[in-house]
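S.K.: Dumping the structure here so I can ask a few things about it.
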Ligand SMILES: C[S@@+](CC[C@H](N)C(=O)[O-])C[C@H]1O[C@@H](n2cnc3c(N)ncnc32)[C@H](O)[C@@H]1O
């Protein structure tokens, strides 16, 4: 079972022209997405090999772009926000060579032009879920641990209407992780925990 986390940054920059010392103030809140990478890909013992994380970057002059990190392949992922931000900055600096689809930066780490549609094309057999406040409880989604789930999460602006409509059109189910609206990286951590529990129970 492969877990795919997709975090959509409505203003998060798709270019590398942000300042590492002021990530929140200069990158359209890429800091939120970087924290999601840690929560998605890193357990306390290392990299989760069954997770692929996608950051959908909709801000700045080079948007839209998707950054993909595959936990089964990527090495040397460090858990601190700054190291991950440095990595993201290097990937975003890759010039556009006109390729359609993902271009590898290094093993397990790639970037592509496009938005959520690029992610869906990358994982056609995955079963999409939209994380949304007020939706049916994730604990009622019994089958989630038995499929390859693709979990879509918004940033502080939520999920863009267009992406939401596109996901609905392909039958994505809405799920909630509880009664309180929490930060996107906390959503990722809680979903990982829910799926860890299901994996142990199987
Ligand atoms: C900080 S919240 C978004 C808040 C934003 N002001 C809004 O109204 O959508 C970031 C994302 O986390 C997810 N999220 C937060 N709390 C959640 C919950 N209790 N259940 C499901 N998803 C949640 C949603 O995908 C949301 O777009």
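S.K.: Scan the range 112-140 residue by residue and report those that are in a strand (DSSP E or B), crowded, with 18+ Cβ neighbours inside 10 Å and within 16 Å of the ligand (Cβ to nearest atom).
M.R.: Scanning the range 112-140 gives 128, 129, 130, 131.
S.K.: When only residues in the range 159-189 that are without any contact (Cβ under 8 Å) to a residue 40 or more places away in the chain and either within 15 Å of residue 7 (Cβ to Cβ) or assigned to a helix (DSSP H, G or I) (or both) count, which is nearest to the ligand (Cβ to nearest atom)?
M.R.: Among them, the one singled out is 182.
S.K.: Quick one: in the range 141-158, of everything that is within 16 Å of the ligand (Cβ to nearest atom) and in a loop (DSSP other than H, G, I, E, B), which residue is nearest to residue 195 (Cα to Cα)?
M.R.: By that ranking, first place goes to 141.
S.K.: If residue 198 passes every condition in (1) within 16 Å of the ligand (Cβ to nearest atom); (2) part of a helix (DSSP H, G or I); (3) touching a residue at least 40 places away in the same chain (Cβ under 8 Å) but one, which one does it miss?
M.R.: (1)
Read the figures in this text as sums done on the coordinates, not as results from a lab. What you see is a predicted model; the values in this text were computed from it and never measured. In this analysis, Cβ positions are derived from the backbone assuming ideal geometry, glycine residues included, and neighbour counts consider all displayed protein chains.
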